[in-house]
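*Asks:* There's a structure below that I have some questions on.
The values are calculated or read from the model by the stated rules, or taken from the named source; none is laboratory data. Everything quoted here is computed from the prediction, not taken from an experiment. Don't worry about glycine lacking a Cβ; one is built from the backbone with ideal geometry, like all the others, and counts go over all protein chains shown.
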Amino acid sequence: MTNLEAFKQLLAGPRKVAITVHTNPDADALGAALALSSILAQQGHQTNVVSPNSYPVFLHWMKGIKQVIDYEKKPARAEQAIGEAEVIFCLDFNDLERIGELGKLVAATSVPKVMIDHHLEPDHFADFEFWSIEAGATAELVYDLAVQMDWLKYIGPEEADCLYAGIMTDTGGFRHPNTTRHIHEVVAELIGLGAQTARVAKLVYDTNTENRLRLIGFVLSQRLVVMKEVGVAYIYLTLEDQKKFKAQKGDTEGLVNYALSIANITMAAMFTEAEDMIKISFRSVGSFSVNEFARKYFNGGGHNNAAGGRSEESLQDTIEYFKKLVEKHKDELKYDPNE
Ligand code: 5GP
Ligand code: MN
């Protein structure tokens, strides 16, 4: 952040603070937001975390998660929190369109906005930007900000667990190229502050319901399509499938990685049918940018190797369109063993 002194001034006295996260918030968005909320609350600020919609049940253990205001479920409460706020933080997203209707409420306020984010191509809407694409996770940026602000004393075991969860998941369990020396150093510090890494890993990755496990089995055997010759694999999931396996929020998270894990696949996609749209997840290995792909064709974006988007067409039409695009980009999608 270039204007750190002004940021310090902004928080010099107790403030009413709203912290918003992106739609379908993940462990990074919520972990970063809840840790920040606790850090600020300990300094006398009045904080509210506002989410555009609901969050996965496997994050229920995070400190303060029960107080998160879900805009879809409690619009009046969310509007009040945004309307009253004297400072609005935007975590793990960099364009107010990412939070839908909630973004319009945020944009309509005149109070200072603080963006903390690590996605590509920000829309510069915020007065304070703590933004870096070098960061593997927004939780890492919250930690770095805490160092600069002398806030480490407010990070206890529970806050450290929240930040660790964000880092662990956004680096794909320390496997993606965003796993830097610095992020390992941050994790070492978080462990020093009390983070219980094995507990968090168990809570996030190994707390499946039987239904979820059976859903994964079904998806891998019935809903996985491998286009071997072009290095692409995709998974799709209908509303009917989700009903059959009683899919909960978060149950489909990470499934796209199974498709990407196939040898010689350079891009994977997952199409999840919702009531009003098709939600799409993209992953890639190497230089093929799914951020650009999602941004150009599916009204989305994200990172070079992990991005998301949406389609208003039917599931079938969306997949047909995707296949045509794959054909168009097949030269760039060729597997390169050196990458
Ligand atoms: P996921 O596939 O796990 O939902 O998202 C992968 C990455 O892309 C995340 O960093 C997420 O924030 C971003 N992302 C997901 N959906 C969208 C979208 O619709 N628009 C934009 N700009 N980014 C998205
Ligand atoms: Mn993130």
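*Asks:* Please return the ranges of helices (runs of 4 or more DSSP H) entirely within the range 115-201 where 3 or more residues are modelled with pLDDT of 95 or more and charged (D, E, K, R).
*Replies:* Per the criteria, 157-170, 181-192.
*Asks:* Please find, within the range 1-23, the residue that is surrounded by the fewest Cβ atoms within 10 Å (Cβ to Cβ) out of those that are polar (S, T, N, Q) and modelled with pLDDT under 95.
*Replies:* Among those residues, the one meeting the criterion is Thr2.
*Asks:* A further question follows. Ala108 fails exactly one of the following numbered conditions: (1) over 29 Å from Thr171 (Cβ atoms); (2) touching a Cys at 6+ places or on another chain (Cβ under 8 Å). What is the number of that condition?
*Replies:* So Ala108 meets the others, but not (2).
*Asks:* Can you work out which of the residues in the range 119-130 that are crowded, with 18+ Cβ neighbours inside 10 Å and in contact (Cβ under 8 Å) with a residue 40 or more places away in the chain is farthest from the chain's Cα centre (by Cα)?
*Replies:* Phe128
*Asks:* May I ask you to list the residues in the range 252-274 that are of a type in the set (D, E, K, R) and either in a helix (DSSP H, G or I) or modelled with pLDDT of 95 or more (or both)?
*Replies:* Glu273
*Asks:* Would you point out which residue out of Ile82, Ile116 is more than 16 Å from ligand 2 (Cβ to nearest atom) and crowded, with 16+ Cβ neighbours inside 10 Å?
*Replies:* Among Ile82, Ile116, only Ile82 is more than 16 Å from ligand 2 (Cβ to nearest atom) and crowded, with 16+ Cβ neighbours inside 10 Å.
For every residue, the table says whether it meets (1) of a type in the set (Phe, Trp, Tyr); (2) out of contact with any Ser or Thr (no Cβ under 7 Å at 6 or more places or on another chain); (3) farther than 30 Å from Asn304 by Cβ.
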site	(1), (2), (3)
Leu59	no, yes, no
Ala81	no, yes, yes
Glu84	no, yes, yes
Leu91	no, no, no
Ile99	no, no, no
Val114	no, yes, no
Glu121	no, yes, no
Gly136	no, no, no
Ala139	no, yes, no
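*Asks:* Assess whether Tyr236 counts as being hydroxyl-bearing (Ser, Thr, Tyr) and in a helix (DSSP H, G or I).
*Replies:* no
*Asks:* While we're on this one: Quick check on Phe298: is it free of Cβ contacts under 8 Å to residues at least 40 places away in the same chain and either within 16 Å of ligand 1 (Cβ to nearest atom) or touching a helix residue (DSSP H, G or I) at 6+ places or on another chain (Cβ under 8 Å) (or both)?
*Replies:* Taking the combined requirement at face value, the residue satisfies it.
*Asks:* Follow-up. When you scan the range 266-283, do you find a residue that is free of Cβ contacts under 8 Å to residues at least 24 places away in the same chain, small (Gly, Ala, Ser) and surrounded by 18 or more Cβ atoms within 10 Å (Cβ to Cβ), even just one?
*Replies:* no
*Asks:* Further question: Considering only the range 304-334, state which residues are part of a loop (DSSP other than H, G, I, E, B) and modelled with pLDDT under 95.
*Replies:* Scanning the range 304-334 gives a single hit, Lys334.
*Asks:* Which of (1) in a loop (DSSP other than H, G, I, E, B); (2) of a type in the set (Lys, Arg); (3) within 23 Å of Ala137 (Cα to Cα) is the odd one out, the single condition Lys246 does not satisfy?
*Replies:* It is condition (3) that Lys246 fails.
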